[in-house]
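Working notes, structure below.
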Amino acid sequence: MSFHPDRGVEPPAAPPGEPVHWLVRAGTVRGLWIGFAVVLAALVLGDFLIHPHAGFGIDGTFGFYAWYGLGACVAMVLFAKGLGVFLKRRDTYYDEDRDGDD
Amino acid sequence: MIDFPPGLVLVFGGFVLPFAPPRARAALLLALPAAALALVWTLPDGAAAAWPVHGYELSPVKVDALGRLFATIFAIMSFAGALFALNQARTLELACAFIYAGSAIGVALAGDLLTLFVFWELMALASTGVLLAAGGDGAFRAAGRYFVVHMLGGAFLMAGVLLHVSQTGSLAFTAMEADSWSTWLMLAGVLVNAAAPPLSAWLADAYPEASWSGMVFLSAFTTKAAVYVLIRGFPGTEALVWLGLFMIFYGIIYALLENDMRRILAYSIVNQVGFMVAGVGIGTEMALNGAAAHAFTHIIYKALLLMSAGSVLYMTGRRKCTDLGGLFRTMPLTTLCGTVGALSISSFPLTSGFVSKSMIAQAATDETLAIVWFLLMAASAGVFLHAGIKFPWFVFFQKDSGLRPPDPPWNMRAAMLAFAALCIGIGIWPEPLYRLLPFPVDYAPYTAPHVVNALQLLLFSGLAFFLLLPLMQRTLTITLDVDRLWRAGSGALSAAGLASRVLAPIPAGRTRVRARAARAAHAVLHPFRPEGVLAAAPSIGTMVRNVLIALLLALVLGFLATRDTAGAGPGARADVAQDNPPTTSERYP
């Protein structure tokens, strides 16, 4: 290995004029979204094919895991955002403090 | 052979490593964990060493299914970790990592509380060494904070063990009820190592300061050894259900706010250990099997995730999501292995996490614990959100950072491939793992409803991630935790905070008194500085005074102690012994 952070040598950067990788082209990304939507729809429709053995009633209803997963994630992201308002600090927060301490 | 704890192979090996020439060191790094694993598996079931010491019975090795399961995964982990770290030039780190891993195996096979405690403390010492070996001011300070927290936990454990022995007269390590001071203290000591609240912050504070290979070792042993002790010592303790659920959501929320790639993974360790702690709290055979199986699979996929993060750190020297991204172009193998780890931690079908975590949820269903089950399901969705997508997305995809590092050296690639193969192998063929579990397994993970439900939950969490991506953009921030109390200059438990507390009652006009108080406070709060109480050279007069005070104290304490044992002592002890007969639960015969 010619470079490595322990020796303080920077990793190589993208060469100038490098073509856009096929995976991140707009067309590919659109295709991925369409494929994702199809899979999601198929999974929800899959509820028709299985015989759920519900433990608590509501978890046996149609599409429960889909809306519950989506809703839980939205709730957690929003809660984290709200908590961040109070608890987020610059990532040099403790370093600045230390200068005053010593 | 039964008298020889297999973990000592690694402990002694760790002391030899620094003195071995490079080639021999590489050979030892791979041979010692293999030897330890072989020794673990040659010990017959139910075997136990017995050393009588001063009327107590020590059993440094005791083998049953649970102990063997944890010893096995600790040995496998040290092998893969050593392979990953073959090109680590910090010999101190490797030596400490082996002592650390060996002590973890020692904990897993300890038959009595004293042996357990000795290996427990050795783990704390050696893991601090792993942190220190990273070098630099940040690692040094983090190691100091880590050490203090673990010494506190160790003190709780020691006090609990001593009290327990004095009350029951037995050193045996069996299932206990958390219903007395002795068991509460032991439980508190173990929970500190499990990163349970209120002291969860040590993990995300210290681990990400380790080297690129150091954190791979650190992620595996301390918290999982604590889970092992909880499974054997405190199954069915209801409080653990709620502590575990708190850890689960704490890990998710803090990881969502985090920018450092390895700190995201550190918070997700707390999250995953939360699932295990909750499982221990539920306490049925299904739940304990689930907690044990999840510890086993978690060690593999978490190490895999940290190996991929370690490879990125090794090849780029960068650790923040804001500096990374787009690495899939030139690090395809690291991306692939990191993604396998991310899918496993999210319990995707056909990965190891699916066959282990679902047992804990199943146990909640069997016991009709509705609230627990709904929270566990929400948490499963959250794991995919904070670790399953967030980590690979921000490190390997998202915006292009312009960095084009290649994949890491062969040994690091081999270690990642081996653990990625294990993640998928266990996911497809769970039976060998199920056979290692402490109780017979009557559970089929791959039924049509299980798979469809899990995929729905996970992929719709994925949808939530990409819909909310504007809210998830990384910022150059950290998130405050309980450790602000002693880390920040204005924290109530920090040196500066305590000093200001001392000066507060002295009137502002008394400048000379204030100056003397400030000097005294400084000397006490920074004892090892040149002007500190423990480093400054005392005069002979001071020493004589201190010795006199110490002797006087010893005299008074000795007098009190003899009076206690001569008077009410024995009677009281007999009463206690009757109230708390030695726990001889037969859960783990």
Scanning region B:218-239 residue by residue, those farther than 11 Å from residue B:194 by Cα, hydrophobic (A, V, I, L, M, F, W, C) and part of a helix (DSSP H, G or I) turn out to be B:218, B:220, B:231, B:239
For region B:149-172 the number of residues that are touching a Gly at 6+ places or on another chain (Cβ under 6 Å) and either over 20 Å from residue B:58 (Cα atoms) or at pLDDT below 90 (or both) is 2
Against the definition (more than 8 Å from chain A (Cβ to nearest Cβ) and within 30 Å of residue B:86 (Cβ to Cβ)), how does residue B:444 come out, yes or no? no
If you go through B:464, B:448, B:454, the only one that is open to solvent by 50 Å² or more (accessible area, probe 1.4 Å) and more than 27 Å from the chain's Cα centre (by Cα) is B:448
For residue B:537, the lone unmet condition from (1) surrounded by fewer than 10 Cβ atoms within 10 Å (Cβ to Cβ); (2) among the hydrophobic types (A, V, I, L, M, F, W, C); (3) within 23 Å of residue B:488 (Cα to Cα) is (3)
**OP:** Would you check if residue B:298 is crowded, with 24+ Cβ neighbours inside 10 Å, in a helix (DSSP H, G or I) and out of contact with any Phe, Trp or Tyr (no Cβ under 8 Å at 6 or more places or on another chain)?
**Re:** yes
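Give the residue, chosen from B:188, B:225, B:134, that is surrounded by 18 or more Cβ atoms within 10 Å (Cβ to Cβ), hydrophobic (A, V, I, L, M, F, W, C) and modelled with pLDDT under 95.
Answer to the check: B:134.
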Yes or no: residue B:308 assigned to a helix (DSSP H, G or I) and out of contact with any Asp or Glu (no Cβ under 8 Å at 6 or more places or on another chain)? yes
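Tell me, yes or no, whether region B:197-220 has at least one residue that is over 19 Å from the mean Cα position of the chain (by Cα), within 27 Å of residue B:477 (Cβ to Cβ) and open to solvent by less than 20 Å² (accessible area, probe 1.4 Å).
no
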Every listed condition ((1) under 30 Å from residue B:310 (Cα atoms); (2) small (Gly, Ala, Ser); (3) open to solvent by 60 Å² or more (accessible area, probe 1.4 Å)) holds for residue B:490 save (1)
With criteria (1) in contact with a helix residue (DSSP H, G or I) (Cβ under 7 Å, 6 or more places away or on another chain); (2) farther than 21 Å from residue B:481 by Cα, residue B:179 comes up short on (1)
task = Looking only at region B:391-406, decide whether some residue is touching a Ser or Thr at 6+ places or on another chain (Cβ under 7 Å), modelled with pLDDT under 95 and of a type in the set (Asp, Glu).
result = no
(1) open to solvent by 10 Å² or more (accessible area, probe 1.4 Å); (2) touching a Phe, Trp or Tyr at 6+ places or on another chain (Cβ under 8 Å); (3) in the same structural domain as residue B:473 (by TED's automatic domain parsing) all hold for residue B:239 apart from (2)
Of (1) in contact with a Cys (Cβ under 9 Å, 6 or more places away or on another chain); (2) within 14 Å of chain A (Cβ to nearest Cβ), residue B:459 satisfies every one except (1)
Here the residues within region B:312-346 that are more than 22 Å from residue B:409 (Cβ to Cβ), open to solvent by less than 10 Å² (accessible area, probe 1.4 Å), touching a Ser or Thr at 6+ places or on another chain (Cβ under 6 Å) and more than 11 Å from chain A (Cβ to nearest Cβ) are B:344
Selection over region A:57-69 where residues are at the interface with another protein chain (Cβ under 7 Å from one of its Cβ atoms) and open to solvent by 50 Å² or more (accessible area, probe 1.4 Å) yields a count of 0
Checked region A:11-56 for anything open to solvent by less than 50 Å² (accessible area, probe 1.4 Å), more than 10 Å from every other protein chain (Cβ to nearest Cβ) and touching a helix residue (DSSP H, G or I) at 6+ places or on another chain (Cβ under 9 Å); matches are A:28
Of (1) within 14 Å of the chain's Cα centre (by Cα); (2) of a type in the set (D, E, K, R); (3) closer than 25 Å to residue B:246 by Cα, residue B:179 satisfies every one except (1)
(Q) Would you confirm whether or not region B:277-293 contains a residue that is over 22 Å from residue B:374 (Cα atoms), assigned by TED's automatic domain parsing to the domain that holds residue B:394 and not in a helix (DSSP H, G or I)? (A) no
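Do we have residue B:419 as aromatic (Phe, Trp, Tyr) and either facing chain A (nearest Cβ under 7 Å) or open to solvent by less than 40 Å² (accessible area, probe 1.4 Å) (or both) here?
The answer is yes for residue B:419.
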For region B:435-456, state whether one or more residues are on the phi > 0 side of the Ramachandran plot, assigned by TED's automatic domain parsing to the domain that holds residue B:293 and not in a helix (DSSP H, G or I).
no
>> Criterion first (buried (at least 24 other Cβ atoms within 10 Å of the Cβ) and among the polar types (S, T, N, Q)) does residue B:59 satisfy it?
In response: no
Restricting attention to region B:240-248, does a residue exist that is in contact (Cβ under 8 Å) with a residue 60 or more places away in the chain and out of contact with any Leu (no Cβ under 8 Å at 6 or more places or on another chain)?
-> no
Every listed condition ((1) in a helix (DSSP H, G or I); (2) within 13 Å of chain A (Cβ to nearest Cβ); (3) buried (at least 24 other Cβ atoms within 10 Å of the Cβ)) holds for residue B:408 save (1)
Among B:342, B:291, the single one that is aliphatic (A, V, I, L, M) and free of Cβ contacts under 8 Å to residues at least 60 places away in the same chain is B:342
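The values are calculated or read from the model by the stated rules, or taken from the named source; none is laboratory data. Fair warning: this is a prediction, and the values are worked out from it, not measured in the lab. Heads up, the Cβs are rebuilt from the backbone with ideal geometry, glycines too, and the neighbour counts pull from every protein chain shown. Only protein heavy atoms, including side chains, enter the accessible area calculation; ligands, DNA and RNA are left aside. Shrake-Rupley method; radii C 1.70, N 1.55, O 1.52, S 1.80 Å.
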